[in-house]
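Data block below; observations after.
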Amino acid sequence: MRIDLTDLRLFLLVVEHGSLTQGAVAMNLSLAAVSERISNMESILGTPLFERVRRGVRTTVAGDALIRHARLILGQVEQMRGELDTYASGLKGRVRLMSNTAALSSFLPQKLCDFLARYPDLSVDVDEKPSTDIVLAVAKGHADLGIVANIIDLAALQAEVIAQDQLVVVVKRTHRIASLPFVTLAEIVDEKFIGLSDAALERHLGERASLLGRKIDYRIRMRSIENVCMMLEAEIGIAVLSASAIESLQRPDLVIVPLQEPWATRQLYVCARDFAALPPRTQLLASFLMGALDSIETGRLQT
């Protein structure tokens, strides 16, 4: 018996779950069948791949080596299938894209409009999420591409800059800072804040406030920009938001005051686990988005 793709997928599932039993469930096979396949692989390779531990199994040194090769082989097979599918049916299919709020409220809709008009046989599934959730989803393969801000750890992914994001302070027109040309965080950190339900942005601001020996006091956190603005108009507090996320809102009672801090201008990235391993249609969208930096006004966007 030779090692086939099913064996490699099974092997990686057992590694992931740390158990032959759970690997069998994930592959919809019997435990006996899984045990036989693993034993055959070890016989062919001439070395044990797993050792038993109290709560399941763990890989041997040889098993660790096979993990790298199995992932490489299966990844190449998926890439091959994507390319052959493209040749067989033309450039067709769906791309899964996750985006943060600021990109969707500024340049992204127009870019996607241009992309879909140019490639009528392609479709894009767009899901709006905070940057933190997007990075996890892309890393786990739940999305092909993500658009995120650089206030989170991107070490596990490949990423390319496509735009910039400027944070600003938004207040009621009657607020004490409304007439100022700009403010620093030190000047507003003791105010009551209205938060946007965005873990990455909140953590980013919290870290900066802690450097001042302060903690941001959120009176309430809202899930939408519109609801944040409603709270601002009622003078519940102030908010730090992305310039791009609010530029289209018509709110005459609100004033935007630039936040003059080096860290208030952030980079926006398109990210993937491996751009080179993406199907051609997904690579096409990634390349299209990477051209956004030259076609939009820099100085806006958020998480």
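The values are calculated or read from the model by the stated rules, or taken from the named source; none is laboratory data. Being a predicted model, the structure only gives us computed values, none of them experimental. We place every Cβ from the backbone using ideal geometry, glycine too, and count neighbours over all the protein chains shown.
Taking the stated definitions as given, is residue 135 in contact with a Cys (Cβ under 8 Å, 6 or more places away or on another chain), at pLDDT 90 or above and among the β-branched types (Val, Ile, Thr)? Judged against the criteria, residue 135 is a match.
Examine the stretch 171-192 for a residue that is at pLDDT 90 or above, closer than 22 Å to residue 129 by Cα and not acidic (Asp, Glu), and state whether such a residue exists.
So far as the stretch 171-192 goes, no, none of its residues is at pLDDT 90 or above, closer than 22 Å to residue 129 by Cα and not acidic (Asp, Glu).
Condition test on residue 284, is it within 21 Å of the chain's Cα centre (by Cα), in a helix (DSSP H, G or I), surrounded by fewer than 21 Cβ atoms within 10 Å (Cβ to Cβ) and at pLDDT below 85? Working first, answer last.
Details: within 21 Å of the chain's Cα centre (by Cα): yes; in a helix (DSSP H, G or I): yes; surrounded by fewer than 21 Cβ atoms within 10 Å (Cβ to Cβ): yes; at pLDDT below 85: no.
For residue 284, the condition - within 21 Å of the chain's Cα centre (by Cα), in a helix (DSSP H, G or I), surrounded by fewer than 21 Cβ atoms within 10 Å (Cβ to Cβ) and at pLDDT below 85 - is not met.
Across the stretch 83-132, what is the total count of residues that are at pLDDT 90 or above and among the aliphatic types (A, V, I, L, M)? So the count comes out to 7.
Can you spot a residue in the stretch 265-272 that is among the hydrophobic types (A, V, I, L, M, F, W, C) and modelled with pLDDT under 90?
Quick first cut of the stretch 265-272, residues among the hydrophobic types (A, V, I, L, M, F, W, C) only: 268, 270-272.
Imposing the further condition that a residue be modelled with pLDDT under 90 reduces the set to 268.
Checked the stretch 265-272: at least one residue is among the hydrophobic types (A, V, I, L, M, F, W, C) and modelled with pLDDT under 90.
Restricting attention to the stretch 141-167, the residues being aliphatic (A, V, I, L, M), farther than 25 Å from residue 112 by Cβ and touching a residue at least 12 places away in the same chain (Cβ under 8 Å) number 1. Screening residue 168 with (1) within 18 Å of residue 265 (Cα to Cα); (2) not assigned by TED's automatic domain parsing to the domain that holds residue 214 gives one miss only, at (2). Residues of the stretch 105-132 that are surrounded by 12 or more Cβ atoms within 10 Å (Cβ to Cβ), of a type outside the set (D, E, K, R) and out of contact with any Lys or Arg (no Cβ under 9 Å at 6 or more places or on another chain): 105, 108, 109, 110, 112, 115, 116, 130, 131.
Do the conditions hold for residue 195, that is, is it buried (at least 18 other Cβ atoms within 10 Å of the Cβ), of a type outside the set (D, E, K, R) and under 19 Å from residue 241 (Cβ atoms)? I'd like the intermediate steps shown before the answer.
Numbers: buried (at least 18 other Cβ atoms within 10 Å of the Cβ): yes; of a type outside the set (D, E, K, R): yes; under 19 Å from residue 241 (Cβ atoms): yes.
Taking the combined requirement at face value, the residue satisfies it.
Among the residues of the stretch 199-215, not a single one is aliphatic (A, V, I, L, M), part of a strand (DSSP E or B) and crowded, with 19+ Cβ neighbours inside 10 Å. Yes or no: the stretch 189-201 includes at least one residue that is in contact (Cβ under 8 Å) with a residue 12 or more places away in the chain, assigned by TED's automatic domain parsing to the domain that holds residue 229, basic (Lys, Arg) and touching a Lys or Arg at 6+ places or on another chain (Cβ under 6 Å). Within the stretch 189-201, one or more residues are in contact (Cβ under 8 Å) with a residue 12 or more places away in the chain, assigned by TED's automatic domain parsing to the domain that holds residue 229, basic (Lys, Arg) and touching a Lys or Arg at 6+ places or on another chain (Cβ under 6 Å). Could you tell me which residue of the stretch 216-253 is modelled with the lowest pLDDT, considering only residues that are crowded, with 19+ Cβ neighbours inside 10 Å and part of a strand (DSSP E or B)? Checking each candidate, the answer is 242.
From the set of residues in the stretch 30-44 that are out of contact with any helix residue (DSSP H, G or I) (no Cβ under 6 Å at 6 or more places or on another chain) and not small (Gly, Ala, Ser), which is surrounded by the most Cβ atoms within 10 Å (Cβ to Cβ)? Once the filter is applied, the top-ranked residue is 38. I'm checking my understanding of the structure. Among residues of the stretch 1-29 that are outside any helix (DSSP H, G or I) and touching a helix residue (DSSP H, G or I) at 6+ places or on another chain (Cβ under 6 Å), which one is surrounded by the fewest Cβ atoms within 10 Å (Cβ to Cβ)? Checking each candidate, the answer is 1.
Please determine, by comparing only the residues of the stretch 142-170 that are over 28 Å from residue 222 (Cβ atoms) and at pLDDT 85 or above, which one is surrounded by the fewest Cβ atoms within 10 Å (Cβ to Cβ).
The first filter runs over the stretch 142-170 and keeps only residues over 28 Å from residue 222 (Cβ atoms), leaving 144, 155-161.
If we keep only those that are at pLDDT 85 or above too, we end up with 144, 157-161.
Values: 144: 23, 157: 18, 158: 17, 159: 20, 160: 15, 161: 13.
Ranking the qualifying residues of the stretch 142-170, first place goes to 161.
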